[in-house]
Amino acid sequence: MTPERQRAVWAIYVWCRRTDELVDGPNASCINSTALDRWEKRLTDLFEGRPFDVYDAALSDTVSKFPVDIQPFKDMIEMRLDLRKSRNKIFDELYLYCYYVAGTVGLMSVPVMGISPDSKASTENIYNAALALGIANQLTNILRDVGEDARRGRIYLPHDELKLAGILEDDIFRGIVTDKWRNFMKGQIKRARMFFDEAEKGVIELNSASRWPVWASLVLYRQILDAIEANDYNNFTKRAYVGKAKKLLSFPVAYARVLVGPSKLTGMVNT
């Protein structure tokens, strides 16, 4: 991306990282709602040109140069749900959590990435695709980290879907891969891929200077789902990851797909 866009994305990343550390970092047990309310007040101040520190100043500079909206940042602070909730009854609850954690990042980033002047898509559709990419990424995180989360006492997977599959919480805590678990995971992976497919429709509409890094990250993250399958759906004791060689091979493929404009690339999305 251009240097100015690089700095803007960096500033957004730093703010998101600091917010995540407040809610889910090593000192999260000491953080209460009052502290998060103060963090939200700092957010409002920096959007109004009153940054508290140098990191706030970086984001304040970003919002002065790009049409970034404050609402996704406020929504991310709602990750405070993570302080008091370790289960999701239905997928809608999991979706909401994924939105707070990662869907918001897509909405924050589109104004910085920019939309191609050749795009015929509506702005709403492009933002919806950015949201879908965030959801897809976070669902992939959750599927990859089932065992790690279970060891922390957390099960993010929808309780009603686990019950329908005949899977108990104790089965997850024991970390035993069964045919029931494999079938359940196949359905979860299929849903995550559907969100990635939706995200592709928006990536091709981005400014040409931003399209490649976003597409490359989409391709690489989607390959984590392939790795879960390659591990025979053992996401209890085996960590799914994309090897360096496969990553390097993915970059030229992603680059080739973004060399043409949105109008020509649309037909290539599902090929």
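The values are calculated or read from the model by the stated rules, or taken from the named source; none is laboratory data. Owing to the predicted nature of the structure, the values given are computational and were not obtained by experimental measurement. Glycine gets a Cβ as well: all are built from the backbone with ideal geometry, and neighbour counts include every protein chain shown. Please note that ligands, DNA and RNA were not included when accessible areas were found on the heavy atoms of the full protein model with its side chains. Shrake-Rupley method; radii C 1.70, N 1.55, O 1.52, S 1.80 Å.
Below are the figures for this structure:
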{"item": "The stretch 1-27, residues that are at pLDDT 85 or above and among the β-branched types (Val, Ile, Thr)", "result": "2, 9, 12, 14, 19"}
{"item": "Residues (on the phi < 0 side of the Ramachandran plot and not in a helix (DSSP H, G or I)) located in the stretch 29-55", "result": "31, 32, 48, 50, 51, 52, 53"}
{"item": "Selection from the stretch 180-229 of residues that are surrounded by fewer than 16 Cβ atoms within 10 Å (Cβ to Cβ) and small (Gly, Ala, Ser)", "result": "187, 208, 209, 217"}
{"item": "Residues (among the hydroxyl-bearing types (Ser, Thr, Tyr) and surrounded by fewer than 15 Cβ atoms within 10 Å (Cβ to Cβ)) located in the stretch 156-179", "result": "178"}
{"item": "Residues satisfying the stated conditions in the stretch 143-200, i.e. of a type in the set (S, T, N, Q) and more than 30 Å from residue 211 (Cα to Cα)", "result": "178, 183"}
{"item": "Cβ pairs under 6 Å, 6+ apart, first in the stretch 178-189 and farther than 18 Å from residue 160 by Cβ, second open to solvent by 40 Å² or more (accessible area, probe 1.4 Å) and part of a helix (DSSP H, G or I)", "result": "none"}
{"item": "Helices (runs of 4 or more DSSP H) within the stretch 93-177 that include 2 or more residues in contact with a Cys (Cβ under 9 Å, 6 or more places away or on another chain) and closer than 14 Å to residue 235 by Cβ", "result": "123-144"}
{"item": "Counted residues, the stretch 70-103 - those being more than 21 Å from residue 32 (Cα to Cα) and touching a residue at least 60 places away in the same chain (Cβ under 8 Å)", "result": "6"}
{"item": "Hey, residue 112 over 14 Å from the mean Cα position of the chain (by Cα), under 17 Å from residue 13 (Cβ atoms) and crowded, with 22+ Cβ neighbours inside 10 Å or not", "result": "yes"}
{"item": "Within the stretch 13-69, tally of residues that are touching a residue at least 40 places away in the same chain (Cβ under 8 Å), farther than 23 Å from residue 113 by Cβ and among the β-branched types (Val, Ile, Thr)", "result": "2"}
